[in-house]
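In what follows, a single structure is set out as structure tokens and then discussed.
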Amino acid sequence: MTANIVWGLEIGDSALKVVKMMKVGNVCKIIDFDIVDIPVGDEDKDRPARMQTALRELSNTHKFGNDPVIMAVTGNVCLHRECQLPPGSEDKLRELVWYEAKQQIPFPLDQVEWGYECFDDPPGIGVTLIAARKSDILDLLALTDQFKLNVCGITASPLALFNYVHYEFAPRNTTLILDAGAKGTDFVVMNKRQIYFR
């Protein structure tokens, strides 16, 4: 049996949350987790220094080594849009999604990191677009690079929560998930593989 290890890291408004998971065969197990408070401050301009302090504490108490890290960014820095493509558009899917992204994302596409997921939405193809500004992502990567974290993937926190609930509980009906944070609440609605969040 092969064992795969991956870390999940969420940099929230008030704390860093980290979980270490191991997959053996088809079973995933949590083998470590921690929550490290980000020191309180009055201004946003000193937030990078406060996050650096929390990341230093985290990297001193946990050995990440070269294990892959998947980082989740908070829902308030992500943009979520849905659109529907006509049936029979599978052959030109990438081209049509790119066109929709240009229409739906209110920034030039070269200034954002974005991706999409398709789902069945009769009578066509449903598409969920998720985007974040490149500057926000690059700032976070510059911070994690200081501690040599092997960040190999980035996701939106609401999407990570959706994937967790889908994997762990496989709800059959429309489900509402509320994730109450320090400054905001992620409101996630899931219906099978379809997702909506605010």
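Condition first: among the polar types (S, T, N, Q), open to solvent by 90 Å² or more (accessible area, probe 1.4 Å) and within 21 Å of Ile35 (Cβ to Cβ). Can you find one or more residues in region 145-155 that meet it?
Yes.
Could you please tell me which pairs satisfy a Cβ distance under 6 Å, a separation of 6+ or placement on different chains, a first residue in region 10-38 that is in contact (Cβ under 8 Å) with a residue 12 or more places away in the chain, and a second residue that is open to solvent by 50 Å² or more (accessible area, probe 1.4 Å) and of a type in the set (Ser, Thr, Tyr)?
Cβ pairs passing all conditions: Ile38/Ser14.
Select, from Gln103, Gln84, the only residue that is in a helix (DSSP H, G or I) and more than 18 Å from Ile70 (Cβ to Cβ).
Details: Gln84 fails: in a helix (DSSP H, G or I).
Matching residue, one of Gln103, Gln84: Gln103.
Tell me the residue from Met51, Met21, Met71 that is open to solvent by 40 Å² or more (accessible area, probe 1.4 Å), within 20 Å of the chain's Cα centre (by Cα), of a type in the set (A, V, I, L, M) and within 28 Å of Phe197 (Cβ to Cβ), please.
Values: Met51 fails: open to solvent by 40 Å² or more (accessible area, probe 1.4 Å); Met71 fails: open to solvent by 40 Å² or more (accessible area, probe 1.4 Å).
Criteria check complete, one pass: Met21.
Being touching a strand residue (DSSP E or B) at 6+ places or on another chain (Cβ under 6 Å), among the charged types (D, E, K, R), open to solvent by 100 Å² or more (accessible area, probe 1.4 Å) and more than 19 Å from Ile154 (Cβ to Cβ) narrows it down to one of Asp44, Asp91, Asp32, Asp37, so name that one. If you could, list the steps in order and put the result at the bottom.
Details: Asp44 fails: touching a strand residue (DSSP E or B) at 6+ places or on another chain (Cβ under 6 Å); Asp91 fails: touching a strand residue (DSSP E or B) at 6+ places or on another chain (Cβ under 6 Å); Asp32 fails: open to solvent by 100 Å² or more (accessible area, probe 1.4 Å).
Among Asp44, Asp91, Asp32, Asp37, only Asp37 is touching a strand residue (DSSP E or B) at 6+ places or on another chain (Cβ under 6 Å), among the charged types (D, E, K, R), open to solvent by 100 Å² or more (accessible area, probe 1.4 Å) and more than 19 Å from Ile154 (Cβ to Cβ).
Taking only pairs six or more apart or across chains, which ones have beta-carbon atoms under 6 Å, a first residue in region 173-185 that is more than 14 Å from Tyr196 (Cα to Cα) and surrounded by fewer than 15 Cβ atoms within 10 Å (Cβ to Cβ), and a second residue that is at pLDDT below 85 and among the charged types (D, E, K, R)?
Ala182/Asp13; Lys183/Asp13
In region 101-109, is there at least one residue being under 25 Å from Arg198 (Cβ atoms), within 19 Å of the chain's Cα centre (by Cα) and open to solvent by 70 Å² or more (accessible area, probe 1.4 Å)?
no
So, in region 110-121, of the ones that are in contact (Cβ under 8 Å) with a residue 40 or more places away in the chain and closer than 23 Å to Met71 by Cα, which residue ends up surrounded by the fewest Cβ atoms within 10 Å (Cβ to Cβ)?
Once the filter is applied, the top-ranked residue is Glu117.
Quick one: in region 32-80, of everything that is of a type outside the set (A, V, I, L, M, F, W, C) and assigned to a strand (DSSP E or B), which residue is nearest to Ala182 (Cα to Cα)? Walk me through it before giving the result.
Let us first name the residues in region 32-80 that are of a type outside the set (A, V, I, L, M, F, W, C), namely 32, 34, 37, 39, 41-48, 50, 52-53, 56-57, 59-63, 65-68, 74-76, 80.
Within this subset, residues satisfying the condition of being assigned to a strand (DSSP E or B) are 32, 34, 37, 68, 80.
Details: Asp32: 23, Asp34: 17, Asp37: 11, Pro68: 27, His80: 21 Å.
The qualifying residue nearest to Ala182 (Cα to Cα) is Asp37.
The values are calculated or read from the model by the stated rules, or taken from the named source; none is laboratory data. This structure is a prediction, so every number in the text was calculated from the model and none was measured. Because the Cβ atoms are built from the backbone with ideal geometry, glycine has one as well, and the counts that use them run over all protein chains shown. With ligands, DNA and RNA removed, areas are computed over all heavy atoms of the protein, side chains included. Shrake-Rupley method; radii C 1.70, N 1.55, O 1.52, S 1.80 Å.
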